[in-house]
RNA sequence: GCCCCCAUCGUCUAGAGGCCUAGGACAGCGGCCUUUCAAGCCGUCAACAGGGAUUCGAAUUCCCUUGGGGGCACCA
């Protein structure tokens, strides 16, 4: 059995989006499932488009999801270097070798000429592509020359994709693509094939957008005399309008989801299900379970739309599954950041814990834990709401004022202020005042929180504490008074 | 324009000729629970793109059409 070695080979030209990382995840799952090796290789061959912060964003995205790599940046390994910019000598040597063997040639055509040629081709609706002018000229190196691959004319290239089955391309539709650019850097095709070979990659698992360049790669393997790896082209991820995922679809960068308070576990689970499934019912998988069950055979062939509603649901499931302590620890940074600026930091830890225990089962994201609807009123004493909100549909202003006054008096003399004691007092009180429980509780809820939808009243009051609760109810009464 | 890939509920998907009057999940809708909200539970709506062919029998095989997506750079 061949040693399984797979790789994630991102280009540091941007912040990785969910589709990129889903590809990394599938490669990683495959490696972990088979006991193989997962490699990260940085394809930094486009000097002009390289963005400095991309590398760190790539690695951080992987780290966030717990996708660890056996070889690559920071990890090292025997097949390095793992930055293509550090392997230029190899690409230069190998491409020169192809020229010597007659499988590639120097091309002196200027970018201007190529541009013109393409324009002309598009104009007469011909497939764009290099016209092979330099192919048989036997030119040598020159300052602005590139090396092009001499596509074997005639014949077809057929290969078996692990996900799509047999795929055939007519060689005639391929043009003599560039292997080595005039700046001395390799193109993706060249560097990718050389590195996959020397890094002994057994399976190339990548996005479907690479399917049509696979014939080129296969021809390169043949020209070099190497045996190609297996190929598996993953279905791509689309936005809600069925077009390729991009910025206008909202958050696409993986780390945006971290910033929005999604849990890595939920994100991993969700991403795994975008193009892979175990059976007809299982939806929730821990990372270990994913590793145990993942196989390429169960990867789908169909492009998938990123369904944020389902992610939200799943994130909620994972949030509720957390212990209250774990949730508090994870939500705290969001609270520190998301609460209004006038609230004094650092926040009181034990108070935060109590609040978050009430928020946990209601939040779909960690960021929501710091939302005005869920938690602001626990921290600010400026609860702002229209006084009318205090008055139940079937009550009037006077009745509401009475109810607040009576409750305040009873609360004042209550020996304890825990949820059980509060309920034991308030429920009979409602009856005593001839009110339905909900009418009393509703008014108190608004008085204490300024909202009509909150965590359970008694727990909320217990958390707020006696002083704060009573003060707010008094303020509510005053508010009512001011209503005139 | 040319090449390639794909095609089951709105979305993610199960389905590898009879187990399918097509299953699950999210969302939606209705109900239960309940002091509100959330969660939970129960129920409901909802799909095999169309047409041929093969077969006793097709969501499942083949062909065509249509639709969607991807690719066609000195970008990856």
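The values are calculated or read from the model by the stated rules, or taken from the named source; none is laboratory data. Owing to the predicted nature of the structure, the values given are computational and were not obtained by experimental measurement. Heads up, the Cβs are rebuilt from the backbone with ideal geometry, glycines too, and the neighbour counts pull from every protein chain shown.
Here's the yes/no breakdown for (1) modelled with pLDDT of 95 or more; (2) within 9 Å of RNA strand B (Cβ to nearest atom); (3) surrounded by fewer than 17 Cβ atoms within 10 Å (Cβ to Cβ):
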position: A:168; (1), (2), (3): no, yes, yes
position: A:173; (1), (2), (3): no, yes, yes
position: A:180; (1), (2), (3): yes, yes, no
position: A:185; (1), (2), (3): yes, yes, no
position: A:189; (1), (2), (3): yes, yes, no
position: A:192; (1), (2), (3): yes, yes, no
position: A:197; (1), (2), (3): yes, no, no
position: A:201; (1), (2), (3): yes, no, no
position: A:205; (1), (2), (3): yes, no, no
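Sort out which residues of the range A:429-441 are surrounded by fewer than 21 Cβ atoms within 10 Å (Cβ to Cβ) and either farther than 13 Å from residue A:407 by Cα or within 13 Å of RNA strand B (Cβ to nearest atom) (or both), and write them in order of number.
Answer for the range A:429-441, where residues must be surrounded by fewer than 21 Cβ atoms within 10 Å (Cβ to Cβ) and either farther than 13 Å from residue A:407 by Cα or within 13 Å of RNA strand B (Cβ to nearest atom) (or both): A:429, A:430, A:431, A:434, A:435, A:436, A:437, A:438, A:439, A:441.
So that you can scan it fast, the table gives a plain yes or no per residue for (1) in a helix (DSSP H, G or I); (2) surrounded by 21 or more Cβ atoms within 10 Å (Cβ to Cβ):
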position: A:334; (1), (2): yes, yes
position: A:345; (1), (2): no, no
position: A:365; (1), (2): no, yes
position: A:394; (1), (2): no, no
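Going by what's in this entry, would residue A:350 be described as free of Cβ contacts under 8 Å to residues at least 60 places away in the same chain and surrounded by 13 or more Cβ atoms within 10 Å (Cβ to Cβ)?
no
Within the range A:437-480, how many residues are within 18 Å of residue A:397 (Cβ to Cβ), under 39 Å from the mean Cα position of the chain (by Cα) and in a helix (DSSP H, G or I)?
2
Anything in the range A:283-295 that is surrounded by 21 or more Cβ atoms within 10 Å (Cβ to Cβ) and assigned to a helix (DSSP H, G or I)? List them, or say none.
A:290
Check the range A:418-425 and report whether any residue there is surrounded by 13 or more Cβ atoms within 10 Å (Cβ to Cβ) and touching a residue at least 60 places away in the same chain (Cβ under 8 Å).
No, because not a single residue in the range A:418-425 is surrounded by 13 or more Cβ atoms within 10 Å (Cβ to Cβ) and touching a residue at least 60 places away in the same chain (Cβ under 8 Å).
On the given criteria, is residue A:340 part of a loop (DSSP other than H, G, I, E, B), farther than 14 Å from residue A:378 by Cβ and either in contact with a helix residue (DSSP H, G or I) (Cβ under 9 Å, 6 or more places away or on another chain) or more than 16 Å from RNA strand B (Cβ to nearest atom) (or both)? First the steps, then the outcome.
On the way: part of a loop (DSSP other than H, G, I, E, B): yes; farther than 14 Å from residue A:378 by Cβ: no; either in contact with a helix residue (DSSP H, G or I) (Cβ under 9 Å, 6 or more places away or on another chain) or more than 16 Å from RNA strand B (Cβ to nearest atom) (or both): yes.
So residue A:340 fails the test.
Looking at A:148, A:118, which is the one that is within 19 Å of residue A:189 (Cα to Cα), within 9 Å of RNA strand B (Cβ to nearest atom) and not in a loop (DSSP other than H, G, I, E, B)?
Answer to the check: A:148.
Can you name the residue in the range A:134-143 that is surrounded by 11 or more Cβ atoms within 10 Å (Cβ to Cβ) and within 12 Å of RNA strand B (Cβ to nearest atom) and, of all such residues, is nearest to residue A:172 (Cα to Cα)?
A:134
Here is a yes/no grid of residues against (1) in a helix (DSSP H, G or I); (2) out of contact with any helix residue (DSSP H, G or I) (no Cβ under 8 Å at 6 or more places or on another chain); (3) within 14 Å of RNA strand B (Cβ to nearest atom):
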position	(1), (2), (3)
A:240	no, no, yes
A:255	yes, no, no
A:258	yes, no, no
A:266	yes, no, yes
A:271	yes, no, yes
A:278	no, no, yes
A:281	no, yes, yes
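Looking at A:404, A:414, can you tell me which residue is outside any helix (DSSP H, G or I) and in contact (Cβ under 8 Å) with a residue 40 or more places away in the chain?
A:414
Condition first: in a helix (DSSP H, G or I) and away from RNA strand B (no atom under 16 Å from the Cβ). Now tell me which residues in the range A:25-58 satisfy that. Please lay out each step first, then the result.
Of the range A:25-58, the ones in a helix (DSSP H, G or I) are A:25-34, A:54-58.
Result: A:28, A:30, A:31, A:32, A:33, A:34, A:56.
Limited to the range A:244-282, what total is found for residues that are crowded, with 16+ Cβ neighbours inside 10 Å and over 19 Å from residue A:65 (Cα atoms)?
The total comes to 3.
Looking at this structure, is residue A:306 in contact (Cβ under 8 Å) with a residue 24 or more places away in the chain, within 30 Å of residue A:447 (Cβ to Cβ), in contact with a helix residue (DSSP H, G or I) (Cβ under 8 Å, 6 or more places away or on another chain) and surrounded by 13 or more Cβ atoms within 10 Å (Cβ to Cβ)?
When the stated conditions are applied, residue A:306 does not pass them.
So which residues in the range A:209-232 are over 23 Å from residue A:304 (Cα atoms), within 14 Å of RNA strand B (Cβ to nearest atom) and surrounded by fewer than 19 Cβ atoms within 10 Å (Cβ to Cβ)?
Within the range A:209-232, just A:218 meets the criteria.
In the range A:367-381, which residues are assigned to a loop (DSSP other than H, G, I, E, B) and in contact (Cβ under 8 Å) with a residue 40 or more places away in the chain?
Within the range A:367-381, A:380, A:381 meet the criteria.
Provide a single number: the residues in the range A:98-115 that are more than 9 Å from RNA strand B (Cβ to nearest atom) and in contact (Cβ under 8 Å) with a residue 24 or more places away in the chain.
So the answer is 8.
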